Each structure stands twice: as C-alpha cells, then as structure tokens.
Amino acid sequence: MSMFCFQCEQTGGGIACSRSVGVCGKTSETANLQDKLTEELVGLALASEGKLLDRAAIKVVVDGLFVTVTNVNFDPDSVSSYIEAAQAEKEKLGGQGNGGFTMTGLAEGNEDIRSLKSLLLFGMRGMAAYAHHAAEFGKFDVMVDAFFLKGLAALAQVNEADELLGLVMELGNTNLTCMGMLDGANTGAYGDPAPASVTCDIEPGPFIVVSGHDLHDLELLLEQTQGKGVNVYTHSEMLPAHAYAGLNKYPQLKGNFGTAWQNQKVEFDNIPAPILFTTNCLMPPQPSYADRVYTTSVVSFPGLVHIGDGKDFTPLIEQALELGGYAETKHMTGINGGSTLTTGFARGTVLSVAGTVIDAVKAGAIKHFFLVGGCDGAKPGRNYFTDFVKQTPQDTVVLTLACGKYRFNDLNIGEIGGLPRLMDMGQCNDAYSAIMVAVALAEAFECSVNELPLTIVCSWYEQKAVCILLTLLALGIKNIYLGPSLPAFVSPNILNVLVDQFALTPISTPEADLAKILA
Ligand code: SF4
C-alpha cells in the first residue's frame, strides 16, 4: 500500500514519503487513515456552516487535526476512532460527503494551490495542538474555533491563490490568539515562569520520564506520584515545566532526562523506568524499552499501553517501582557535554529587566538579539544551529525556545550585563512570549519590530513550526532565516511570494549568515 505525505521537514527524499512506511515510521495504512480523517473533518466543517457547534464537536475537530501531526499517532485503530467521531458529528449536523475534497485530489492538483492549501492545513494541524492544550484547562476562544471550521471548509471551497494566501495570513493571526490563550492557561494555572537551573543527573531509585508538551498531564502525574517514592524527570519539550512554581513545588520533580527527541532510541535503550508521551515527538520504540512506553491523549502507537481520559497513571507508577531505576546516580549530559540546563526566561522575566536591557542596548553593550528556536530533527545539517550560537559575538543575546534548543542549551556562552547570554523562553508555543517581548522592546525604542536589532533564526520540523512561522509573517516580521531545508510543500512560486514580501531567507552557513546579519 502506498501513501503520500510531505508535511514535515524529514519527508522522503525532500519530496514526499510515498512508500509503505514514512521516514517517521508511520505506515501507509495509518497515513491513508489520517487522510480519510482530514477529509471527514472537511465534511464536518462544511456541514457546520451557519450552525453553532458544541464543545464536544469542536473537540472532535481540534483533536482530529492534532492526531495527524508528525510523531503523534501511529495507530490505525486509534485514527479510525477519530474518523468515526468526525462522521458522527457530521451526521448530527445533517452533513453528507466532503464537498468533493480528497487528499489525493489536493496532492495531484495545481502545485501553487496545493502549496497554499498545505500551508493552511498543516498550519491548522499545528494550531490544533495549542488549542488542545488550552482546552485541557477549560480555555477556548470562539474565534480560534471558528477559524478551524472556516479553514477546513476552504480546503474544499476555495481555489483562488489570493484568497488562500489571505486565509494563510488569517491563520497566522489566529494562531497568535491561540498561543496567547495557552500562555494564559499555563501561567494562570502555574504562575509566570521564573529562571530555573535543571540537572541532567538522574538520582538513584524509581523514576518516570515524561515527554511532550502537556503541562496538565505532568501536573496530574506529579499529584499521583506524591509520597510514592517515584521521581519524575522531564524530557524534550517538557523541560520548561521546571520554571513554573505550580509544578516545581513537587519535590519529586527532579531534573531532565536526555537530550533532543530524535535521540530517544539511544537514550531510552534499556532504561530502568517507564516513559510517558503526552504529545509528540514519539518515535517507533525499540524492543529494549517498548514494554515501558506509555501514551495518553491523542498519542498512540500499536501495542503500547494507552492511559485513557481518566488519567490514572497507576500502571506507570507500579512499573517504576518494579524496575527500581538506577542503583547509583546516572550522570547524563546535553549534546555538547554540559550537565545543567536553564529555562524560564519567559516574557515576565525578560520584561522585568527591560530597563536594564534597553540601557545596555543604548550604551552599545548589547549589539544584537537573536531568537534561535524551533523544532529539532535528525539531519546532520542541523549542526548549523549549534555552530551559529557558538559563533554569536559576546555583545549579543541569544533567546531560544522549543526543542531546537537541545542543539546548544547545555552550552555556557557567558553573561552580558548580569544576564545570561543564552535564555530559554520555553516550549514552542512560548513563541507568544518572544513576540510579546519583541513588541514591548519595539514600543520602548519607538520603532517597529523589524527595526529592532533582532534576527529570528528558525529551525523547522513539523506543523507547529508552520503555524508559528505564519504568525510571524502575519505580524509583518521580515528577514527570518529558515532551515535546515525549505518545506517540500512550498512551490517555487509561493516561495517567491514569501521571499519578496517577507524576505524569508534560507540558512546558508553560520559564518556567512552572521556576517550578513551583523553587517
Ligand atoms: Fe514522511 Fe513526515 Fe509524513 Fe512522516 S510525517 S510520513 S516523515 S512527511
């Protein structure tokens, strides 16, 4: 059975995954079911026109989009259950068919229209992740909900490039609202992040590793492990949890396990502990640890134990106690050999020292800000981001966020004016925080964000990076450097539009790009 999927950066041959298994390990059966799910969501959106959807129906739309994000759900049975839910909601609305929309038709159509519709669809998949996390806290926004339906319906109804480009920009603006909603949910529940130093050492004794982005799931796990003699370690995008008072108050939240998500097959090899995946990025597990990987929420993989909506983590706790953890402290390091990571430099922290920062810029002590962030991946070319940060001059500040930071977040690149030169602002959705800081600095300097001494260097991998990039473009932010390669779904004509209108620039070498930026 064949498939066609080109939604992520590692897509086969830089063109598309089209064989029986994608580069990520997704089978063609699952990929084709995800296409069917997307078609049903389009049908549901078409059936919803002029009607109000209840929260349950919106959840079907949001989770149905999130399920199709790279490294989230590999399980045909699980994806089929989301298809059934979408069909049931569509039928409740009296809907029939999908307006003639098929993913095959999209793949085979005009390449510029395909490109714009892919930006729209993949961006909505990314935004759905953030809407899902906010909904876990009971937060939603009717404008965000409405856009999902509008955007999905447009996949079937709109075939004009200008109109689709307008929708893509509208998605970017809507995603800012969505990320702001999630920022409010996280900070409302756990307080503003504060700088935290996080060890890479694993203490002796039973422990659980928790990966993904869902802070609410982490909180539930921390509540259930209280007094059980089981420590909890964050992994990958869960690292910023250490910065929240509402989460780091749990003494069993000890540190961070491992490095970037794409190293999990090596780092989880024979691990004496269970691992919980709350969201992406899950890779097909190796036999040496497959019996201790658990999924929850929209994440699923055939044969792994799935923790259902009741969020009863007892099976993990019991397995952690049974496995017993390491006998002695296990010293682990970041990719560059560092043993401590820092996080928590979100908008509250950075803006609390805005006066110092502004004075330092005016005095010439800080010459430039870089925001080097985005998602990580396995390609060797991603060393660019490590080398770029290493080569930034001492009178510059490097802000970072998302899992791309694992390329360099264990480096000590020094201080500037009493502040660390490298500041981790949080998860990918904390791009909201970075945007708020940029806007505040622009106001303080009475200029536009584009006139600030600020350059965004973005690493992309999956669909959340797509929606964040669209947000930055919709805000009019120019001269973004993007790598390690350009999306396969962006056609030459659409790329020209992005280059002409936004000066979007493919990365080259750290030396050449730094020279150009600082010239
Ligand atoms: Fe290939 Fe990426 Fe699609 Fe997986 S998600 S099948 S790696 S394009």
Item to check | Filter result (free of Cβ contacts under 8 Å to residues at least 24 places away in the same chain and hydrophobic (A, V, I, L, M, F, W, C)) within the range 254-277 | outcome: VAL266
Checklist entry - Only one of (1) within 19 Å of LEU470 (Cα to Cα); (2) β-branched (Val, Ile, Thr); (3) surrounded by fewer than 20 Cβ atoms within 10 Å (Cβ to Cβ) is not met by THR70, so which one is it? => result (3)
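Step by step: first the residues of the range 1-18, then only those that are more than 24 Å from the chain's Cα centre (by Cα) and at pLDDT 95 or above, then the one that is farthest from the ligand (Cβ to nearest atom). Which residue is that?
As a first pass, look at the range 1-18 and keep what is more than 24 Å from the chain's Cα centre (by Cα): 1-3, 18.
If we keep only those that are at pLDDT 95 or above too, we end up with 3, 18.
On the way: MET3: 7, SER18: 9 Å.
Only one residue tops the list, namely SER18.
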Checklist entry - Pairs, please: C-beta under 9 Å, at least 6 apart or cross-chain, first residue closer than 12 Å to TYR461 by Cα and in the range 5-26, second open to solvent by 70 Å² or more (accessible area, probe 1.4 Å) and near the ligand (Cβ under 6 Å from one of its atoms)? => result CYS8/VAL23; GLN10/VAL23; THR11/VAL23
Item to check | Conditions (1) crowded, with 18+ Cβ neighbours inside 10 Å; (2) charged (D, E, K, R); (3) under 23 Å from ALA131 (Cα atoms); number of the one not met by ARG114 | outcome: (3)
Checklist entry - Which residues, taken from the range 303-321, are open to solvent by 50 Å² or more (accessible area, probe 1.4 Å) and aliphatic (A, V, I, L, M)? => result VAL305, LEU321
Checklist entry - Given the conditions (1) touching a helix residue (DSSP H, G or I) at 6+ places or on another chain (Cβ under 7 Å); (2) assigned to a helix (DSSP H, G or I), which single one is not true for GLU84? => result (1)
Next on the checklist: Looking at the structure I just gave you, is ALA402 under 19 Å from the mean Cα position of the chain (by Cα), more than 26 Å from ASP192 (Cβ to Cβ) and touching a residue at least 40 places away in the same chain (Cβ under 8 Å)?
Outcome noted: no
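Listed residues GLY212, GLY191, GLY180; which is open to solvent by 10 Å² or more (accessible area, probe 1.4 Å), under 30 Å from PRO251 (Cβ atoms) and within 22 Å of the chain's Cα centre (by Cα)? Break it down into steps so the answer makes sense when it comes.
Numbers: GLY212 fails: open to solvent by 10 Å² or more (accessible area, probe 1.4 Å); GLY180 fails: under 30 Å from PRO251 (Cβ atoms).
After ruling out the rest, the residue left standing is GLY191.
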Next on the checklist: If I ask for residues that are within 16 Å of the ligand (Cβ to nearest atom) and surrounded by fewer than 23 Cβ atoms within 10 Å (Cβ to Cβ), which ones from the range 443-486 would you list?
Outcome noted: PRO484, SER485, LEU486
Checklist outcome for this item: Scanning the range 19-35 for residues that are of a type in the set (S, T, N, Q) and in contact with a Ser or Thr (Cβ under 6 Å, 6 or more places away or on another chain), the one farthest from the ligand (Cβ to nearest atom) turns out to be SER20
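Is there a residue being part of a helix (DSSP H, G or I) and either out of contact with any Phe, Trp or Tyr (no Cβ under 6 Å at 6 or more places or on another chain) or open to solvent by 10 Å² or more (accessible area, probe 1.4 Å) (or both) anywhere in the range 17-27? Walk me through it before giving the result.
As a first pass, look at the range 17-27 and keep what is part of a helix (DSSP H, G or I): none.
No, there is no match, as no residue in the range 17-27 is part of a helix (DSSP H, G or I) and either out of contact with any Phe, Trp or Tyr (no Cβ under 6 Å at 6 or more places or on another chain) or open to solvent by 10 Å² or more (accessible area, probe 1.4 Å) (or both).
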Next on the checklist: Exactly one of these conditions fails for ILE58: (1) outside any loop (DSSP other than H, G, I, E, B); (2) under 18 Å from the mean Cα position of the chain (by Cα). Give me its number.
Outcome noted: (2)
Checklist entry - Would it be correct to say that PRO420 is of a type outside the set (Gly, Ala, Ser), surrounded by fewer than 23 Cβ atoms within 10 Å (Cβ to Cβ) and touching a Lys or Arg at 6+ places or on another chain (Cβ under 7 Å)? => result no
Checklist entry - Residue check, ASN98 against (1) out of contact with any Ser or Thr (no Cβ under 8 Å at 6 or more places or on another chain); (2) part of a helix (DSSP H, G or I); (3) buried (at least 18 other Cβ atoms within 10 Å of the Cβ), all met but one. Which one? => result (2)
Next on the checklist: Quick check on the range 42-58. Is at least one of its residues within 16 Å of the ligand (Cβ to nearest atom) and surrounded by 22 or more Cβ atoms within 10 Å (Cβ to Cβ)?
Outcome noted: no
Item to check | Residues that are part of a helix (DSSP H, G or I) and open to solvent by 10 Å² or more (accessible area, probe 1.4 Å), drawn from the range 215-235 | outcome: HIS216, GLU219, LEU220, GLU223, GLN224
Checklist outcome for this item: Within the range 362-389, residues being closer than 30 Å to TYR130 by Cα, among the β-branched types (Val, Ile, Thr) and outside any helix (DSSP H, G or I) number 1
Next on the checklist: For a quick check of your reading of the model, give me the residue pairs whose first member lies in the range 459-472 and is farther than 14 Å from CYS8 by Cβ, whose second is β-branched (Val, Ile, Thr) and in a helix (DSSP H, G or I), with beta-carbon atoms closer than 8 Å and at least 6 apart or on different chains.
Outcome noted: LEU470/VAL168; THR471/ILE435; LEU472/ILE435
Checklist entry - When residues of the range 487-506 are filtered for being open to solvent by 30 Å² or more (accessible area, probe 1.4 Å) and of a type in the set (Val, Ile, Thr), how many remain? => result 2
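Pick from GLY324, GLY258, GLY338: which is among the small types (Gly, Ala, Ser), in contact with an Asp or Glu (Cβ under 9 Å, 6 or more places away or on another chain), modelled with pLDDT of 95 or more and surrounded by fewer than 22 Cβ atoms within 10 Å (Cβ to Cβ)? Give the steps one after another, and end with the answer.
Details: GLY324 fails: in contact with an Asp or Glu (Cβ under 9 Å, 6 or more places away or on another chain); GLY258 fails: surrounded by fewer than 22 Cβ atoms within 10 Å (Cβ to Cβ).
The match here is GLY338.
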Checklist entry - Only one of THR68, THR38 is touching a Ser or Thr at 6+ places or on another chain (Cβ under 9 Å) and either near the ligand (Cβ under 9 Å from one of its atoms) or in a loop (DSSP other than H, G, I, E, B) (or both); which? => result THR68
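The values are calculated or read from the model by the stated rules, or taken from the named source; none is laboratory data. Predicted model, so just to flag it, every value in this text is computed and none were measured. Cβ atoms come from the backbone with ideal geometry, glycine included; neighbour counts cover every protein chain shown. Each accessible area value is taken on the protein alone, full model and side chains, heavy atoms only, with ligands, DNA and RNA left out. Shrake-Rupley method; radii C 1.70, N 1.55, O 1.52, S 1.80 Å.
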